[in-house]
Each structure stands twice: as C-alpha cells, then as structure tokens.
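Step one of this worksheet: look at the structure below.
The values are calculated or read from the model by the stated rules, or taken from the named source; none is laboratory data. If you're wondering where the values come from, they're calculated on a predicted model, not measured in any experiment. Note that each Cβ is placed from the backbone with ideal geometry, even for glycine, and that neighbours are counted across all protein chains shown.
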Amino acid sequence: MLIVEDEAPLRTALVDYLRQDGYVCDTGATYEQAFEKVKLYQYDCVLLDLTLPDGNGLDIVRTLKADGSAAGVLILSARDALDDKILGLELGADDYLAKPFHLSELNARVKAIIRRRQFQGQRQLLFRDLTIFPDQALVLVHNQPLTLTRKEYELLLYLLANPGRVLTKESIAEHLWGDVADTADSFDFIYSHLKNLRKKLQEKGADNYIQTIYGLGYKLNVS
Amino acid sequence: MKLLTATNRYYLGLSVGLFVLCGLLFYEGLQRALRHEVDEQLLNQQAFILRKAKLSGTASVLPFAEPPRIYRTRPPKLGFSDTLLLDVLDQALVPHRQLAFAVPEPTGTRWVTLRKSLLETEDILELVVAVLGLMLALLLLGVVGLNRWLAGRLWAPFRHTLVALRHYDLAQHQPLRLPNSSIAEFAELNQALTQMSARLEADYQTLKEFTENAAHETQTPLAIMQAKLEQLMQLPASADPAAAPLLGDLYGATLRLSRLHQGLTLLSKIENRQFPGAVPIRLDQLLTEKLHHLRDFTEAKELQVTLALPSVPTLHLHPALADSLVGNLLQNAVRHNLRGGELRVTLTAEALEVLNSGPALPSGNHPEQFFERFRKLRNTSDSPGLGLSIVQQICAYYSFGLSYQVTSEPVRHVVRVRF
C-alpha cells in the first residue's frame, strides 16, 4: 500500500494505524516521490492526498489509470472541495474521504477497497463465531442466520473492519449517519442500536465481544 | 428624478422668474413713456390754445381730434388727471388723460379741458407684451430642447459606463472594460473606476487565497490532532477510567472545532462567490433524500413529518450549495423540534417552506436574529449555530428571499425561501 501525504505527522499516524492491521506500507511525501513509486511498484491500494506541495494528486490518479494499474485509489482531501471529489471519482478513484477523517473510518474504507480488488466481490468475512457475506448482507452466527436492522448491520460491519480497536462514538455516528450525524444526540441511538445488536447476538449464542470503553466508545474484542 | 429633469426645473424656474420681473419692469416703463408722450401732446395743445387766446382775446374751439371743451365754471381739478369716458360707439368706458387749465379773457376767466384717449397706448402695450411672451416661450423651449439633445449626446459615455458596471462580476475574473470618452470628466471617472476594479480584483484574489490557505492550514493540524488522539485511544493506558473521559472530551472538542471551521470556511467561500457553475437541481428529490437520511432522528423524536410537493421549481444551483441549503434547513427543523412535534415541508414553484414546532421565543426576541452567526436560543447547545447563517448566505448568493416567522398558539417556526 502506498500512502501519499505531505504532512509528516498525519502520514506517520496513517502508517502506524494501517501497519497494525498487517498492511505493508510505503510512503510518499511529494508528488515527485509518489509519481516515481507508482511507476516503479505495484500496489493494492493508494491513499492519495490531493493537495501536494509540488503537484495535484489527481494527476497521480490519471497516471495510475493510464498505466492500467490494478491499485485501488482512496482520495483524501479537504472538505467542501466537491469538484475534486467528482473529478477524482470520474478519473477512476474508488473512494473519497474528506479531511479530517476518523482513522477507523479510513481503515474500513481501505479494507472494503482491498477486498473488492482481491476477491472480485466473492468474499466472506470471518470473525470468531460470525460469518458475514457482505454482498448479500447475510450474517451467520454458528451458521445460523441472524436478522438485523440496516443500522445494526452497518454498525456490526464497521466494528468488524476495526477489530481490537477503540471506535469512538463520534466516528460511529458519522459512519452511520454521515453529514447529518450532529442533528440530534446520535450517541443515544448508537447505544440503543448496540444494545439490540448485543441482545440478538447473545440470543443466537454468540459471545459478548462488543466491549464498552468508558468515556470513549466501543471495541470489538479479538479474543 | 433624472438629472435632466432636475436641471430643467432650475432653468425653467429661473427663466420664468426673470421674465416675469423684466416683463413687469418693461410694462411699467413703457406705460410711463407712453403717458409722458400723451401729456406732452396735451401740453402742446394747451400752449397753442393759450397763444391763440392771447392774440384773439378769446378761447376758441380748435379742430383737434378731440376738440377742447370750454366751460364758464371752474372744473373740480386743474392740471393733469385720469378719467374714464363713455365711448358712444363701443358702449364701453375708455380711459382718457385730461388737462384742465384757465384761459384769461377780458370778459372773465374761461376753463378749458383737453382730453386724449389712452386706448392706442394700451394697444401698443399689449403687442409688446405679446411679443415678449412669445420670445419667452421660444427661449424656454429652445433651452429644454437643447438640454435634452445634449443629455442624449454628452451623457452617452456615462450610460455606457453604467451598463458596464452593472454587468461587472468580480467572480468572473474579467477586467472592467470601459470605453474611452472625449469628455474629460467621464474619462476621469472611467479611469478611476478601472483602477478601483483592478484594486478590488486584487483584494478579492488575496482574500480568496487567504481563505483557501487558512482552510488548508487549519484543517491539517485538526486532522493531525484527530488522528493522533485516535491513535492514543488505542494504547492500553487510555482504558484507564481516569484518562478515558479526558481523552473522549478532547476528541469531541477537536471534532467540534473542525465542524465549526468547516462552517466558517463554507460561509466565506459563499461570500467570496466561489461557487460558479450551476446545474438543474431537482429540489423535490433532494428533499425526499434528505428526509430519508434524517429518518432515524425524526422517528426518535416521534415527529409527524409531512412533505408536500404541489409543484416543483426549476432551479439552477451549485449542487454543493443546494445540498447545504436543504440539509441545514431540515437539520435545523429536526434539531430544535419538540418530542412528538410537527415537521412540515412544502415545496411550490415559488417557495420552499419548512415549518416545525419548537420552543416559544422569549418576548422581545426577533426570530430573524437566528440568521446571525453563532446565534442560538440556548447557549449550551452543542451545534455551532452556523446552519441558518449558511442558509442566509446561500439565499443571498442566489438572490432568494428569506424569512423566519414564529407563530404562537401553537408555536410554529416557519422558514420560507422564495425563489
């Protein structure tokens, strides 16, 4: 994976977070470095900041697509730059994330991109006693199907994308409701959705692996 | 009032005033001269009669146009006087000048009265005044006509300048092009305007760059703070019950700051008119979609949501601004709504109306104040208080009318956007 970001602290945060998930990360701080690396190596995924000191990140997307690269592209850019977003996606980027973003959200998006690339959609997620087929929105507990509401399902997928990590209430709210997350006290909704999710999982005999971290958020326990 | 009308009004006022004054003086002078002439004629006749009487010893009736009358008694007044005499032919009183004097005769004094009609002098006077009036009328017409013609001709460059200014749009980055004028004042005006537009353009550019840089420069540290805090949370030490709430609050505050920053950046971008390009927007679809996104929140508050779309306007808007306009209006109506309240959205070809139940305003509070930045009913509210300011800016950007009304019994907040 290649991470192109000119701000060193942000770059290291991205690298640290993604390395913990077992990704092999390469970095580029400038347009020139990024250009050289995408020309030399094959990546599964490229995280691309659009505002680089010596060029526009969109040109890297053009280069990748011109070379017929199989790498998935996730664009990172300042919010409100709607034109950048549209142009980036038109050029063939897979996804777009506005700064500032939640690392957990970024992680979920990266996972989605890589899975789509690697299994061409034929994929299933395994976590302890859970099996999930994201394409059919099907969740199995001990091979028994589990009925979830849409938000509960989205919540479960988000937790599964970041196992063993603390997910803040804010990032969950934004993941589930996007821009309108701050319309009301969405933290209460998360709490009730989580309560229902836990209950449904326990009814099917699953372990209680969704842990509440006091004052911060929730965490999916790996073991 | 047009400049031409204003100057004409002054010209006309002055001219009429002067003409009336001069006319009166002229009339008076002329009348005096004519009367003097009549008096002289009467004096001549008197001298003639007196000379004749000295020779013949008697006052005789001489064949003047109006023969002298000779009386034996003394008339009431000697010397010159004015009188009205009946003209038998015209059956009208005619003004006359008369001169009465004594003629000594050996048999005693005779009294002679000489008269002369003033009718002829009045005719002359009338003619002179008529000619004068005609001159006045012609002169005034001439002045007004000339002014009108000059206004059309001399002010043409001014009107060109006005048209150019009216069509000038700073956001289009086209320099203000003004035609050269041979009139020094207009040339100077055009030059000043061109310089001003160049300065505006430069200032605008600087401001725009500043906004963009500020947005980028502030957003980056915020992004770093957010990422580092999230990393910090993953450390085992963060699970400490003493540390976790601190970390959580810090994280929440960072997010709030960054939301506030996004709102302000958006506001200044709209103010700088940095959203050129508009596409046809289906506002009905946008409303349906946004209400769908908000369903969790409306259901949680048990709101009665009605969306009425009697007719759909055809609007050309920037997609991001349309999204922000609708999103902010609806979010606002949900956020400040009461549990079990009402939310009614009505879209017609002329207006978009969002009605919601909510808290009553303390008396003296004007609802339009919520369009001001950071204005909230309760200062403890978590939202930065920019939503309606953004709505207002977007409406100003597209010249939409915007109003906020609060009705009592029942309390309903109504925000109306007129296209």
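For region B:209-218, the set of residues classified as more than 11 Å from residue A:78 (Cα to Cα) and modelled with pLDDT under 75 consists of B:211 only. Against the numbered list (1) more than 14 Å from every other protein chain (Cβ to nearest Cβ); (2) surrounded by fewer than 20 Cβ atoms within 10 Å (Cβ to Cβ), residue A:15 comes up short only at (1).
Please indicate, with yes or no, whether at least one residue in region B:317-328 is within 14 Å of another protein chain (Cβ to nearest Cβ), part of a loop (DSSP other than H, G, I, E, B), within 35 Å of the chain's Cα centre (by Cα) and over 27 Å from residue B:408 (Cβ atoms). Within region B:317-328, one or more residues are within 14 Å of another protein chain (Cβ to nearest Cβ), part of a loop (DSSP other than H, G, I, E, B), within 35 Å of the chain's Cα centre (by Cα) and over 27 Å from residue B:408 (Cβ atoms). Applying the criterion of being within 15 Å of the chain's Cα centre (by Cα) and over 14 Å from residue A:10 (Cα atoms) to the residues of region A:36-52, the residue that is farthest from the other protein chains (Cβ to nearest Cβ) is A:44. Of all the criteria given as (1) touching a residue at least 24 places away in the same chain (Cβ under 8 Å); (2) more than 11 Å from every other protein chain (Cβ to nearest Cβ), the one not satisfied by residue B:261 is (2). Please determine, by comparing only the residues of region A:66-115 that are basic (Lys, Arg) and in a helix (DSSP H, G or I), which one is surrounded by the most Cβ atoms within 10 Å (Cβ to Cβ). My answer is A:109. Of the residues making up region B:47-83, those that are outside any loop (DSSP other than H, G, I, E, B) and surrounded by 11 or more Cβ atoms within 10 Å (Cβ to Cβ) are B:48, B:49, B:50, B:52, B:53, B:69, B:70, B:71, B:80, B:81, B:83. Among residues of region B:16-38 that are in contact (Cβ under 8 Å) with a residue 24 or more places away in the chain, none has a Cβ under 9 angstrom from a residue that is surrounded by 15 or more Cβ atoms within 10 Å (Cβ to Cβ) and acidic (Asp, Glu) at a sequence gap of 6+ or on a separate chain. A search for C-beta distances below 8 Å between a residue of region A:1-29 that is within 20 Å of residue A:70 (Cα to Cα) and any residue that is hydroxyl-bearing (Ser, Thr, Tyr) and outside any loop (DSSP other than H, G, I, E, B), counting only pairs 6+ apart in sequence or on different chains, returns A:2/A:27; A:3/A:27; A:4/A:27.
Those residues that are surrounded by fewer than 16 Cβ atoms within 10 Å (Cβ to Cβ) and either at the interface with chain A (Cβ under 8 Å from one of its Cβ atoms) or under 30 Å from residue B:397 (Cα atoms) (or both), I need them from region B:233-245; list them, please. Correct list: B:241, B:245.
Taken over region B:236-252, residues that are modelled with pLDDT under 85 and aromatic (Phe, Trp, Tyr) amount to 0. When residue B:284 is tested against (1) more than 11 Å from chain A (Cβ to nearest Cβ); (2) over 29 Å from residue B:357 (Cα atoms); (3) charged (D, E, K, R), only condition (2) is not met. Suppose the filter is surrounded by 15 or more Cβ atoms within 10 Å (Cβ to Cβ), touching a helix residue (DSSP H, G or I) at 6+ places or on another chain (Cβ under 8 Å), over 20 Å from residue B:264 (Cα atoms) and not assigned by TED's automatic domain parsing to the domain that holds residue B:262; does residue B:321 pass it? The answer is no for residue B:321. Among the residues of region B:90-143, the ones that are on the phi > 0 side of the Ramachandran plot and in contact with a helix residue (DSSP H, G or I) (Cβ under 6 Å, 6 or more places away or on another chain) come to 0 in all.
Being among the polar types (S, T, N, Q), under 30 Å from residue B:322 (Cα atoms) and assigned by TED's automatic domain parsing to the domain that holds residue A:112 is a description that applies to residue A:77.
Would you confirm whether any residue within region A:121-131 is crowded, with 17+ Cβ neighbours inside 10 Å, within 11 Å of chain B (Cβ to nearest Cβ) and not in a helix (DSSP H, G or I)? Checked region A:121-131: no residue is crowded, with 17+ Cβ neighbours inside 10 Å, within 11 Å of chain B (Cβ to nearest Cβ) and not in a helix (DSSP H, G or I).
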